[in-house]
Ligand code: IPM
Ligand code: MG
């Protein structure tokens, strides 16, 4: 049995609580002899700043470079509101994404039938929803230079962020979207703002050319990013795969997440390019939700997005498709049986704690034989 090198970076806030539930799931797979893991743990975000005065240490970056997959919890919180900008908790995550070359961020938004009523939209709008946002993750306004605040001659200041994309960057993320669409409902919606942005014009041209050259079997549509946000809350089931840039992807994926009932439900995968020699991709898996400092340490957090992120690692990094199906099936079983953490419980009904939800998922894994 292959041993997979896994680096756990629980981070701040609810990160450690939800990661602890992944550890119980990992132990179950090991105990059953279904998979073997060599696990390392590290610090990222505010806790790393407290320990090392930087948002991720060189040692932990090295562990991340060597890992087959990184599992990331969440970073940030009011405690670190005043740390220098380059050391803020989010800088740890951005460095991991950039240094590991994780350009492809896969953010599925699936509405479990049992949760259609937890969404703020009407059940018929979200029931059975299954869309995938493919967000470009290492370019655009997040990393473009110059990125600065300068003082002008009259003493006023000017803040600058730079939105920049090259054709290879657009090409490789759109390729990922087309390939994934072929395994789903075969439709890609490309979201940009070519009506106001040069990067949008280039994005549209590049995806159109790639489509004609290699993916004409896939349906392609172009949608302006603001319209896409509106369509997502109007009738989200029109979408299959949405491909978009870093900033639009950040926003659209939060909208998509909420359609499913709770931010606590959604996993994500961030993948690098395939290594030509080994066929492996660097990868980081994280829940879409943040560190939720307001509920940290209270056992209220929903661990499903974190556990679902581990399921994505099984699928995309370890090729353990059966194990991934089993884990995702166990999550659906638990939801089907009515078990709910507070974020997805109907008002006035009973909710279980973070660890009770984790235990219920392990029990459901066991029950699947
Ligand atoms: C996300 C988050 C991050 C982002 C933050 C924490 C830097 O919102 O992963 O969506 O903006 O990419
Ligand atoms: Mg975000």
Q | Every residue from the range 131-144 that is touching a strand residue (DSSP E or B) at 6+ places or on another chain (Cβ under 6 Å) and either at positive phi or more than 14 Å from ligand 1 (Cβ to nearest atom) (or both) | A | 131, 132, 144
(Q) Yes or no: the range 218-241 includes at least one residue that is within 22 Å of residue 69 (Cβ to Cβ) and either in contact (Cβ under 8 Å) with a residue 60 or more places away in the chain or assigned by TED's automatic domain parsing to the domain that holds residue 64 (or both). (A) no
**Q.** Residue list for the range 188-209, restricted to those being within 29 Å of residue 129 (Cβ to Cβ), more than 21 Å from the chain's Cα centre (by Cα) and either free of Cβ contacts under 8 Å to residues at least 40 places away in the same chain or outside any helix (DSSP H, G or I) (or both)
**A.** 193, 194, 195, 197, 200, 204, 206, 207, 208
**Q.** Residue ID - farthest from ligand 1 (Cβ to nearest atom), chosen from residues in the range 260-280 that are modelled with pLDDT of 90 or more and buried (at least 20 other Cβ atoms within 10 Å of the Cβ)
**A.** 271
(Q) Is it the case, given these coordinates, that residue 314 is part of a helix (DSSP H, G or I) and closer than 22 Å to residue 104 by Cβ? (A) yes
Q: Would you check if residue 54 is assigned to a helix (DSSP H, G or I) and modelled with pLDDT of 95 or more?
A: no
Q. What number goes with the only condition from (1) over 24 Å from residue 314 (Cβ atoms); (2) outside any helix (DSSP H, G or I) that residue 47 does not pass?
A. (2)
Q: Evaluate the range 199-209: report whether one residue or more is in the same structural domain as residue 140 (by TED's automatic domain parsing) and modelled with pLDDT under 95.
A: no
Q) residue 305 versus (1) under 24 Å from residue 17 (Cβ atoms); (2) outside any loop (DSSP other than H, G, I, E, B); (3) more than 14 Å from ligand 1 (Cβ to nearest atom); (4) touching a helix residue (DSSP H, G or I) at 6+ places or on another chain (Cβ under 9 Å): which is the lone unmet condition? A) (3)
Q | Qualifying residue in the range 124-131 (condition: in contact (Cβ under 8 Å) with a residue 24 or more places away in the chain, in a strand (DSSP E or B) and buried (at least 17 other Cβ atoms within 10 Å of the Cβ)) | A | yes
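Taking the range 239-263, which residues are assigned to a helix (DSSP H, G or I) and either away from ligand 2 (no atom under 14 Å from the Cβ) or over 21 Å from residue 115 (Cβ atoms) (or both)?
Within the range 239-263, the subset assigned to a helix (DSSP H, G or I) is 246-259, 263.
Of everything in the range 239-263, those that are assigned to a helix (DSSP H, G or I) and either away from ligand 2 (no atom under 14 Å from the Cβ) or over 21 Å from residue 115 (Cβ atoms) (or both) turn out to be 246, 247, 248, 249, 250, 251, 259.
Find the residue count for the range 281-299, including only residues that are part of a loop (DSSP other than H, G, I, E, B), away from ligand 1 (no atom under 16 Å from the Cβ) and touching a helix residue (DSSP H, G or I) at 6+ places or on another chain (Cβ under 8 Å). Can you show your working first?
Looking only at the range 281-299, we keep the residues that are part of a loop (DSSP other than H, G, I, E, B), and these are 288-292, 296-299.
Next, from what is left, pick out any that are away from ligand 1 (no atom under 16 Å from the Cβ): 297-299.
Those still in the list that are touching a helix residue (DSSP H, G or I) at 6+ places or on another chain (Cβ under 8 Å) too: 297, 299.
Summing the residues that are part of a loop (DSSP other than H, G, I, E, B), away from ligand 1 (no atom under 16 Å from the Cβ) and touching a helix residue (DSSP H, G or I) at 6+ places or on another chain (Cβ under 8 Å) in the range 281-299 gives 2.
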Q) Going through the range 99-130 one residue at a time, which ones are within 16 Å of ligand 1 (Cβ to nearest atom) and either modelled with pLDDT under 95 or under 19 Å from residue 267 (Cβ atoms) (or both)? A) 100, 102, 103, 104, 105, 106, 107, 108, 109
Q.
Just to be sure I understand the filter: pairs with C-beta atoms under 9 Å, separated by 6 or more residues or on different chains, first member in the range 268-295 and on the phi > 0 side of the Ramachandran plot, second member assigned to a strand (DSSP E or B). Which pairs pass?
A. 292/74
Q: Go through the range 177-192 and give me each residue that's crowded, with 18+ Cβ neighbours inside 10 Å and either within 22 Å of residue 229 (Cβ to Cβ) or outside the structural domain of residue 250 (by TED's automatic domain parsing) (or both).
A: 177, 180, 181, 188, 189, 190, 191, 192
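The values are calculated or read from the model by the stated rules, or taken from the named source; none is laboratory data. Bear in mind the structure is a predicted one, so any value in this text is a computation, not a measurement. When we count neighbours, we look across all protein chains shown, and the Cβ atoms used for this are built from the backbone with ideal geometry, even at glycine.
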